[in-house]
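Asker: Structure incoming, see below.
The values are calculated or read from the model by the stated rules, or taken from the named source; none is laboratory data. Quantities reported herein were computed from a predicted structural model and do not represent experimental measurements. All Cβ positions, even for glycine, are placed from backbone atoms using ideal geometry, and neighbour counts span all protein chains on display. Please note that ligands, DNA and RNA were not included when accessible areas were found on the heavy atoms of the full protein model with its side chains. Shrake-Rupley method; radii C 1.70, N 1.55, O 1.52, S 1.80 Å.
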Amino acid sequence: DADALNVMRASIHPRATESIDDIIHLVSMLMDKEHAYLAHDGIYFSVDSFPGYGKLSGHNLEDLIAGASERVTETEGKRNPLDFALWKFKKEGEPAWPSPWGEGRPGWHIECSAMSLANLGETIDIHAGGVDLTFPHHENEIAQSEAATGKPFVRYWVHNGFVNINYEKMSKSRGNFFTVRDLAARYPYQVLRFFILQAHYRMPINFADDLLDAAVTSWKRVTTSVDHLAFVAEAAKDLPAGSKEEGDLRQALALYRQQWREAMDDDLNTADAIAAIFDLVRAANTAAASGKVAAPALLEARETLIELCGVLGLDASAGQDEAIPAEIMALVQARQDAKAAKDYAQADALRDQVLAQGYKIEDTPQGVRVLAL
Ligand SMILES: [Zn+2]
């Protein structure tokens, strides 16, 4: 499914249970630097030893402590209610590994820091995750990693919004839960990718049939325009360059390319980037319909659309390869002949016959065009 959505594959998939040595090494470093201490049931990280605690989630320590002491039953030997476990001593029936502090298992947060450190080094560019993990999980990852290395852990945090289904929060318990594969049975993968990119990644995304159906139509507008531009450019081969309409198109190309770029530079705002693509589609369709724009400018518009969609991992030229079967083209030619002979009844009958076989005939200022439906 990831391949079909054009999602690149990860080069490593580390597992916590295979990274126990890295985890123990990191906990040892934190112990040596006195960021961690031994309590009754395990090793804990001391948030008071790390001045930056709360910087990611924008919490201050006092508010967090007030909140935490209300709900947490205290572990013996814990110095601050916010201190979190790095290593938990073995309980009956739980899997356990040997460590310098006794048998046990890693805490819930340490594995991410240890695996990131082991595989990617002390500082990484981008850390992604659901917005619900910001606190405490990602906050704790920063504390553990930076306390151990003394270096910034992450340059950019990329937190994605919640997924809603039919305007409600997705949850297994409510039964409104589905996977990409379920959706792919009803919608092409490319439409799903387009749909996801129509929302800014930090915002919640809502999967609903009416919205997905609308995405099918919207995406088709892009691919149809790309197809149509190639066709119109072919017909516009002999047009002279430099018309007013051509100037308008070139201006629109520069403007919307710029708007697209600004949107992407603004925290990957793919929603606005796609809006710029639609503005470009509108301008290109206007130019094509005018019949006054020479081929090079039309082809440039087409290439720009393909390029801007391509950066988003969408193939806008995918629609163009539908070859029209020869028997359909023969019917289309017969219809043209009938029209030329002013036999409009026969022409209409042939058009309906073509339609019945799943192809649409369009009369454009540049000539006749056949589209697979
Ligand atoms: Zn994590």
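Asker: Once label points are set 7 Å from the Cα along Cα→Cβ at both residue 94 and residue 181, what is their separation, rounded to one decimal in nm?
Answerer: Label-label distance for residue 94 and residue 181, simple model: 3.3 nm.
Asker: For segment 240-294, take every pair of Cα atoms, bin their distances at 5 Å starting from 0, and report each bin as a whole percent.
Answerer: 4, 24, 25, 18, 13, 9, 6, 2, 0
Asker: Now a separate question. Loop only per DSSP, at most 15 neighbouring Cβ atoms within 10 Å: give me the trypsin sites (Lys or Arg not before Pro) in segment 136-215, ordered by residue number.
Answerer: Loop-located and lightly packed - 172, 174, 186, 202.
Asker: I need the GluC sites (Glu not before Pro) found in segment 1-76, filtered to DSSP loop residues with at most 13 other beta carbons within 10 Å of theirs.
Answerer: Listed in order of number, the matching sites are 34, 74, 76.
Asker: Could you tell me the ratio Rg/Rh of segment 16-160? Both radii from Cα atoms, Rh via Kirkwood.
Answerer: My calculation puts Rg/Rh at 0.94.
Asker: Roughly how big is segment 326-372's charge dipole about its Cα centre, with Cβ charges of +1 (Lys, Arg) and -1 (Asp, Glu), in debye to the nearest 20?
Answerer: The dipole of segment 326-372 has a size of about 80 debye.
Asker: Share of Cα-Cα pairs in segment 207-321 beyond 16 Å, in percent?
Answerer: More than 16 Å apart: 58 percent of the Cα pairs in segment 207-321.
Asker: What is the distance in Å between the Cα centres of segment 82-111 and segment 227-244?
Answerer: Value for the Cα centre distance between the two parts: 69 Å.
Asker: I've got another one for you. Roll a 1.4 Å probe over the protein chains and send me the accessible area per residue for segment 207-321 in Å².
Answerer: 47 Å²
Asker: Right, next: Excluding residue 3 itself, calculate the net charge of residues whose Cβ lies under 12 Å from the Cβ of residue 3, where each Lys or Arg counts +1 and each Asp or Glu counts -1.
Answerer: +1
Asker: Moving to a separate point now. Percent of alpha carbon pairs in segment 134-243 separated by more than 18 Å?
Answerer: 68 percent
Asker: Further question on the same structure: Considering only protein heavy atoms, what per residue accessible area in square angstrom results for segment 16-160 with a 1.4 angstrom probe?
Answerer: I get 51 Å² per residue for this part.
Asker: Still on this model: Dipole of segment 230-336, Cα-centred, from +1 at each Lys and Arg C-beta and -1 at each Asp and Glu C-beta, to the nearest 20 debye?
Answerer: In total the dipole reaches around 500 debye.
Asker: Now for a different question. Just round it to a whole percent: the fraction of Cα-Cα distances in the chain exceeding 35 Å.
Answerer: Tail fraction, whole percent: 48.
Asker: Show log10 I(q)/I(0) for segment 177-236 at q = 0.22, 0.25, 0.28, 0.29 Å⁻¹, two decimals, from a solvent-free Debye sum over equal Cα scatterers.
Answerer: Reported log10 I(q)/I(0), two decimals: -0.88, -1.04, -1.19, -1.24.
Asker: Return the Cα extents of segment 326-372 along principal axes one, two and three, sorted largest first, each rounded to a whole Å.
Answerer: Computed over segment 326-372, the largest-to-smallest principal extents equal 26, 22, 16 Å.
Asker: Tell me, what is the per residue accessible area of segment 327-373 in Å², probe radius 1.4 Å?
Answerer: Value returned for segment 327-373: 59 Å² of accessible area per residue.
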